[in-house]
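Here's the structure we're looking at; comments come further down.
The values are calculated or read from the model by the stated rules, or taken from the named source; none is laboratory data. Nothing here was measured: the structure is a model prediction, and the numbers come from that model. So basically every Cβ, Gly included, is an ideal-geometry build from the backbone, and we count neighbours across all protein chains shown.
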Amino acid sequence: MNNNSFLFITPSKVENYSHTRINHNYESLILPPEFIVELKNKMNGNNLLSEINYNLNDIILTNGNNKEIDVGICTIDNTPFINLSALGWFDGFNDYELKIGSDLSINFSLDMHKTNNKGKEFYDKSDFTVYDNHNILEDGIITIEV
């Protein structure tokens with residue numbers, strides 16, 4: 001089990017989340033980080049969403065209480081990624097299950113907390129752990145080999 005770095009996506013560019021905070025004109029705006037996940041085929045290294053043509057209807061994220069959480073698909077350099085930004089709003093430790101299609105399930109936990117830096121509050125991760133013996137790569141995006 002590894003901790004992972006995350007990407008923060010702004011409308012005009014992609015930056016490493018661990019070194020980036022949102023910069024808005026709104027002094028009181030509090031936003032969570034966006035968690036971007038790439039699923040890769042362990043056998044050939046291809047992006048699984050591209051390879052099998054999964055779409056948003058094929059992806060379901062639930063928390064430990066079996067409540068569905070919003071997910072999205074974003075594209076970076078014509079490659080589809082799963083956007084789990086809704087997770088950043090949940091403070092504390094939570095377990096999740098990400099289902100892709102009818103036969104792929106990934107269990108993970110995320111520990112989030114609010115942080116105050118120079119009077120500005122923002123959400124930050126304490127720990128992100130993926131279970132089920134999936135290989136995790138730290139390349140700025142949460143890359144999970146399945």
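Within region 56-83, count every residue that is exposed (fewer than 10 other Cβ atoms within 10 Å of the Cβ), farther than 18 Å from residue 141 by Cα and among the polar types (S, T, N, Q).
Total meeting the criteria: 3.
Can you name every residue in region 79-105 that is in contact with a Lys or Arg (Cβ under 8 Å, 6 or more places away or on another chain) and within 20 Å of residue 49 (Cα to Cα)?
Passing the criteria: only 105.
So which strands (runs of 3 or more DSSP E) stay within region 16-91 end to end and still have 2 or more residues that are at pLDDT 90 or above and either at positive phi or touching a Ser or Thr at 6+ places or on another chain (Cβ under 8 Å) (or both)?
36-40, 79-83
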